[in-house]
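The values are calculated or read from the model by the stated rules, or taken from the named source; none is laboratory data. Just so it is clear, the structure is predicted and the values come from calculations on it, not from any experiment. With ideal geometry, Cβ positions are generated from the backbone for all residues, glycine too; neighbour counts draw on all protein chains shown. Heavy atoms of the whole protein, side chains included, go into the accessibility calculation; ligands, DNA and RNA do not. Shrake-Rupley method; radii C 1.70, N 1.55, O 1.52, S 1.80 Å.
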Amino acid sequence: MKKSLGAVAVAAAVALSLSACSGSSSEEAAKGEISYWLWDANQLPAYQQCADDFTKANPDITVKITQRGWDDYWSTLTNGFVGGTAPDVFTNHLGRYGELAENGQLLAIDDAVEKDNIDLSAYQEGLADLWVGQDGKRYGLPKDWDTIGLFYNKAMLTAAGISEDQMKDLTWNPKDGGSYEKVIAHLTVDKNGKRGDEPGFDKNNVAVYGLGLNGGGDSSGQTEWSYFTNTTGWSHTDKNPWGTRYNYDDPKFQESMEWFAGLAEKGYMPKLETTVGAAMADTFAAGKSAINAHGSWMIGQYTGYKGIKVGIAPTPEGPEGRRASTFNGLADSIWAGTEKKEASVKWVEYLASADCQDVVASKAVVFPAIKTSSDKAAEAFKAKGVDVTAFTDHVKNKTTFLYPITDNTAKVKGIMEPAMDAVVSGKAPASSLTAANEQVNALLK
C-alpha cells in the first residue's frame, strides 16, 4: 500500500565507491543481474512482465524483482543504504526522496535523460518536475500517479435510500459537514438498527459506520483528511515542492480537524484506538463501514471483494466550490552505490517508457504516468466494469494538489503522527496542533 510515510530513521551519509563503478567500461557495466524492489504486490505481475520483456530486448541484463510490504520495505531499504546492500533500482516515494538525495543515496540521471532524449512532456503534467531535487538534479522518472475517491457499498446505499447520483454531488464544510456528513450519518447503523440521524441512535454500539477510518493521517493526511481540508483554501506548506513552512496552525485547518474528530465522537466513524491492526479496506469488506475514502491504487482490492458491489464517488465539494485530492506520483530511482550503473539506467528508462507502462495499464491496477498509458488504464478498468472517473476527473479538472515535499519529512512525520492521533482520538483539541507546527517548522530553519 501506498500511504503516508512511516517513521524510518534517516540513514547516515555513507562513503560510496563510485570510482569502482566509473572504472568499468559501459559494455561491462551493462551486463549481469540488477536488483529491483517494489512494495505493491498487486503490481508485481505487471513489472515481472516488464522485466521479462526488457531482458528479451537486452539479453545481457536480467532483473531480479523483490516485493516487500510497505513498512518492511522502507526499514530494509534504509538498512541496505547503511550496509551497502541496497537494490540497484527501487520504487521511490515523494515523501522520501528529498532526504535520500541529500544524504547522497540517489544517483542523478540528468545526463542519461538528455543523452537518450527522454520526452518528459509525455508524462502527466507536473509529475516529471517533482523528481528534480533542490540541487536541480533529477533523481527519478515517473512511473504512476494517484488521487483520492470515495469507495461505497452499493447495497448499503440502496437500503438507506441514498442514490448514486447523490453520492456524485456531495458537498462539505467544516461547520456542519454539509451533505457529506448527512449521508455519513444516515449510513451509520447501530446494533439495534437505528441510523445515526434517527432518535435513539446508540453511538456506543455501532454495527456499521458511515465512514471508515484509515488512521490519524500524520503529516500528509493523504487518504484521511486532505481531500476536505484542502477545499478551504488551506495548504500543507507555504509552497510545494520544497516548502519552508508548514501550516498546521492555520485556524481553517484546525476547524476542519475538529469536524473530522467529531465524526468519531458522534459514532459515525470508528474511534482511532479500535482501528489499530485492522486494514480499513478489509473492515469495509466485512461490512463494518459504508464509505471509505481511499486512493486509486486500491481500486483492484475494493472491487475484488466477492459478494460486495462497490461504487466509486468523487470527493465532496468544499467551501470554495471545488473538490480536492492529493496528487501523488511514484518514480523509480537508482541507488548511488550501484555497481551496475549503465544497466540500472537502461532499466529505469524502460520502466518509464510506454512499452512498460502500457503493460501496467493493461492490468488495470494503477494509472501509469505517461498520458497515453494512463488513458489505456482507464479503458482497461472500464472493460472490467469499473468506473474510475472519480479519480481521473481530479486530473482532468485540475482539482489536485501535490503531496507535500520538504526537507526532514521523516522527522516531520515523527512529530505530526502522535499530534494528529491525539486530535483524531479526541484526546487533544485541534488547537494543540499549533505547538506541533512550531516543532516541525523549527526543523526547516
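Kirkwood Rh and Cα-based Rg: tell me the resulting Rg over Rh for the range 77-220, rounded to two decimals.
1.18
Show me, bin by bin at 10 Å from 0, the whole-percent P(r) of the chain based on Cα pairs.
4, 21, 30, 25, 13, 5, 1, 0
Normalise the Debye intensity by I(0) for the range 56-152, one equal point scatterer per Cα, no solvent, then take log10 at q = 0.21, 0.22, 0.23 Å⁻¹ and round to two decimals.
Taking Cα atoms of the range 56-152 as identical point scatterers yields -1.30, -1.34, -1.38.
Which order do peptides 101-108, 225-232 fall in by mean Cβ count within 10 Å, highest first?
225-232, 101-108
What percent antiparallel are the DSSP beta bridges of the chain, to the nearest 5?
Here the antiparallel bridges make up roughly 60 percent for the chain.
Counting only protein heavy atoms and using a 1.4 Å probe, what share of the accessible area of the chain belongs to carbon plus sulfur, as a whole percent?
Taking all protein chains in place, the chain shows 48 percent carbon and sulfur surface.
Using 0.36 nm per residue of separation minus the Cα-Cα distance, give me the extension gain between Lys64 and Asn397 in nm, one decimal.
Extra length available between Lys64 and Asn397 comes to 116.0 nm.
Assign one of three labels to the range 27-83, namely rounded, prolate or oblate, based on the Cα gyration tensor with a ≥ b ≥ c the square roots of its eigenvalues; rounded applies when a/c is under 1.5, prolate when it is not and a/b is larger than b/c, and oblate otherwise.
oblate
In debye, nearest 20, what is the charge dipole magnitude of the range 24-96 about its Cα centre with +1 on Lys and Arg Cβ and -1 on Asp and Glu Cβ, if you could check?
The calculated dipole for the range 24-96 is roughly 140 debye.
About the Cα centre of the range 75-228, how large is the charge dipole given +1 on each Lys and Arg Cβ and -1 on each Asp and Glu Cβ? Please answer in debye to the nearest 20.
Around 700 debye, computed over the range 75-228.
Using a probe radius of 1.4 Å on heavy atoms only, what accessible surface per residue do you get for the chain? Whole Å² is fine. Before the final figure, lay out the partial values.
Working: 17930 Å² over 445 residues.
Accessible area per residue, the chain: 40 Å².
By the gyration tensor of its Cα atoms, with a ≥ b ≥ c the square roots of the eigenvalues, what is the shape of the range 336-445: rounded for a/c under 1.5, prolate for a/b over b/c, or oblate?
Here the range 336-445 falls in the oblate category.
Would you mind checking which residues have amide H under 5 Å from Trp37's amide H? H placed 1.01 Å from N; only 5 or more apart, or other chain.
Those qualifying (amide H under 5 Å, at least 5 residues apart or on another chain) are Thr66, Val89, Phe90, Thr91.
Amide H neighbours of Leu170 under 5 Å, at least 5 residues apart or on other chains, H built in the peptide plane: list them.
Amide H neighbours of Leu170: Glu317.
What FRET efficiency, computed as 1/(1 + (r/R0)^6) with R0 = 25 Å and r the Cβ-Cβ distance, is obtained for Ser432 and Glu320, rounded to the nearest 0.05?
0.45
Can you compute the radius of gyration and Dmax for the range 191-311, using only the Cα atoms, both in Å?
Rg, Dmax (Cα atoms, Å): 16.2, 51.
Which residue, Pro418, Ser362, Val395, has the largest displacement toward the positive end of the dipole of the range 358-441 when charges sit on each Cβ (Lys, Arg +1; Asp, Glu -1)?
Ser362
Hey, if you put +1 on the Cβ of every Lys and Arg and -1 on every Asp and Glu Cβ in the chain, which of Ser325, Asn247, Ala160 ends up farthest toward the positive end of that dipole?
Value computed over the given set: Ala160.
Gap in Å between the Cα centre of the range 424-445 and the Cα centre of the range 144-200?
Cα centroid to Cα centroid, the span is 30 Å.
Once a ≥ b ≥ c are taken as the square roots of the eigenvalues of the Cα gyration tensor of the range 346-401, is the result rounded (a/c under 1.5), prolate (a/b larger than b/c) or oblate (a/b not larger than b/c)?
Cα axes put the range 346-401 in the oblate bin.
Using Cα-Cα distances under 8 Å and only pairs 6 or more residues apart, what relative contact order does the range 202-305 have, in percent?
Worked out over the range 202-305, it gives 42 percent.
Do the alpha carbons of any pairs in Lys137/Lys382; Lys56/Lys115; Lys168/Lys288; Lys191/Lys306 sit beyond 27 Å of each other, and which pairs?
Working: Lys137/Lys382 38 Å; Lys56/Lys115 23 Å; Lys168/Lys288 22 Å; Lys191/Lys306 24 Å.
Pairs exceeding 27 Å: Lys137/Lys382.
Suppose a student asked you for the relative contact order of the range 102-206, using Cα pairs under 8 Å spaced at least 6 residues apart; what percent would you report?
RCO, the range 102-206: 14 percent.
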